[in-house]
1. Just name the residue that is nearest to LEU23 (Cα to Cα) out of those in the range 63-107 that are polar (S, T, N, Q) and surrounded by fewer than 22 Cβ atoms within 10 Å (Cβ to Cβ).
2. When the range 5-44 is examined, which residues are found to be small (Gly, Ala, Ser) and surrounded by 12 or more Cβ atoms within 10 Å (Cβ to Cβ)?
3. Name the residue, out of ALA63, ALA53, ALA82, that is within 17 Å of LEU102 (Cα to Cα) and either modelled with pLDDT of 95 or more or small (Gly, Ala, Ser) (or both).
4. What number goes with the only condition from (1) among the acidic types (Asp, Glu); (2) under 16 Å from ASP21 (Cβ atoms); (3) surrounded by fewer than 15 Cβ atoms within 10 Å (Cβ to Cβ) that GLU117 does not pass?
Amino acid sequence: MSFSVSERQRWMAVLARASLDELRTCLDAASPLPPHRRLRGPETGLIMLRGQAAAVGDRFNLAEITVTRCAVSLEGGTVGHAYLSGRDAARAELAAILDALLQDDATKPAWMAAVIEPLAAIQAENEARQRRKAAATKVQFMTMATTR
């Protein structure tokens, strides 16, 4: 298993942001998923989000968020984990399976090309679309722009 922590963080972030439909679309074009055994869950619960005013103030409880977690084991013994916001148990299980597959040097390139890279491209396009939409609403106040 040769992957860095930041590399795993990247693919887990992509999986966490992907919808179930996007995951299934990518998986339909990929190889079938191997058999797996559930180690934990999928289970849904709450976590507390903490805030801090201006990054120097005291921490405070901001809100609770629903999270679904899952852990699976593949036949080779590789364990995959997933923690996703929301209540989608199927999405959490798929993310955990993909996490395990991406940890294996033999299967990683194929799953990166079939699932992670297409999902990352979709997410980048969605983000760019949101930025363009937000930029269209930007207001330039004449007095503010000329007095600086």
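The values are calculated or read from the model by the stated rules, or taken from the named source; none is laboratory data. Treat the numbers as computed from the prediction; the structure is a model and nothing was measured. As a convention, Cβ positions derive from the backbone with ideal geometry for all residues, glycine included, and neighbour counts pool all protein chains shown.
1. Initially, the range 63-107 is screened for residues polar (S, T, N, Q), giving 66, 68, 73, 78, 85, 103, 107.
Of the ones still in play, those that are also surrounded by fewer than 22 Cβ atoms within 10 Å (Cβ to Cβ) are 66, 73, 78, 85, 103, 107.
On the way: THR66: 20, SER73: 19, THR78: 21, SER85: 15, GLN103: 18, THR107: 17 Å.
In this case the residue turns out to be SER85.
2. Just the residues of the range 5-44 that are small (Gly, Ala, Ser), to begin with: 6, 13, 16, 18-19, 29-31, 41.
Passing the criteria: ALA13, ALA16, ALA18, SER19, ALA30, GLY41.
3. Values: ALA63 fails: within 17 Å of LEU102 (Cα to Cα); ALA53 fails: within 17 Å of LEU102 (Cα to Cα).
The match here is ALA82.
4. Status for GLU117: all satisfied but (2).
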